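Let me begin by presenting the structure, written as structure tokens, before commenting on it.
The values are calculated or read from the model by the stated rules, or taken from the named source; none is laboratory data. Remember, predicted model here, so these are calculated numbers, not experimental data. A quick note on method: Cβ atoms are made from the backbone with ideal geometry, for glycine too, and the neighbour counts reach across all protein chains shown. Just the protein is used for accessible areas: all its heavy atoms, side chains included, with ligands, DNA and RNA removed. Shrake-Rupley method; radii C 1.70, N 1.55, O 1.52, S 1.80 Å.
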Amino acid sequence: MEPVTHSVQGNGIAVVAIADLNGDSKLDIATANHDGSSAAVLLGDGAGGFQSAGSFPAVNIPQSLAVADVDQDGKPDLVVPDFSGTTAAILIGASNGTFARTAVVTVGAGPAAVVATDLNGDGKNDVATANSGATNISVLLNTTTTPPPPPVRCVVPKVKGKTLAAAKKAITKAHCRVGAVTKKYSKSVKKGRVISQRPAAGKKLAKGAKISLVLSRGRKAKH
């Protein structure tokens, strides 16, 4: 095996972590840079090659690093303790492999190692540090509130030209309801098909909103 080197934007690399950091299903590398007060990221190409995504301010002396989704947004974040103090920085990840420090939490003295995983079974990643400057460990339970899912909306489908059965199916699938159905003669729209609808297609309404339809009677018979 011949070593291959990749440049990192940071000095004094203390530790590396391997994870998919940009959501492309390829493994990337994150480093804690002891002399650079930062964390750096190398994005993998899936074939063993890596390209720098940048270096991101963290803490004074990063000695360790953990990768986990801390803010419950489905993207990996970084937890970087400060070996020279009693804090750890939380770097929130974007979808492109970059990170920004958004919070600093208090831990024990001289945190030399860190892990981030669900420690109490609530589905959220917690943080634990091993504190070399004390005779203890620190456990920080994640109190992030998971945002509720967005409300289901009625997104009005385009049903013009459809049969009544097909229109009803599309309207129900879009979380809407069929409202008043009226009929009128039409020279251009075949009998039994939708001439017009109200509201117009594309409108976003409350779930269960009614959509009124006008069906074609076909051509009016000549006498």
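Observations on the model:
- The lysines within cross-link reach of Lys190, meaning a Cα-to-Cα straight distance under 29 Å and a gap of 8 or more places when in the same chain, are Lys158, Lys160, Lys162, Lys168, Lys169, Lys173, Lys203, Lys204, Lys210, Lys220, Lys222.
- Per-residue HN-Hα couplings for region 173-189 [Karplus 6.51, -1.76, 1.60; θ = phi - 60°; Hz; x = Gly/Pro]: 4, 8, 6, 10, 10, 7, x, 5, 10, 10, 10, 8, 6, 8, 7, 10, 9
- Whole-Hz couplings from phi, Karplus 6.51/-1.76/1.60, listed for region 197-209; x for Gly and Pro: 9, 8, x, 6, 4, x, 5, 10, 10, 5, 3, x, 4
- Under a 5 Å amide H cut-off, with hydrogens placed 1.01 Å from N, Ser186 pairs with Arg217, Gly218, Arg219, Lys220 among residues at least 5 apart or on other chains.
- Residue among Thr182, Thr31, Thr143 with the largest mean-square fluctuation in a Gaussian network model of the chain, springs linking Cα atoms under 10 Å: Thr182
- Gain on full extension, evaluated as 0.36 nm per residue between Ser132 and Tyr185 minus their Cα-Cα distance, stands at 10.6 nm.
- Fraction of accessible area attributable to carbon and sulfur, region 1-94 (%, probe 1.4 Å): 52 percent
- Among 191-201, 109-119, sorting by the average number of other beta carbon atoms lying within 10 angstrom of each residue, highest first, gives 109-119, 191-201.
- In the chain, the DSSP-assigned H stretches of four residues or longer account for a calculated mean residue ellipticity at 222 nm of -1500 deg cm²/dmol, using -39500 (n - 2.57) per stretch and the full residue count as denominator.
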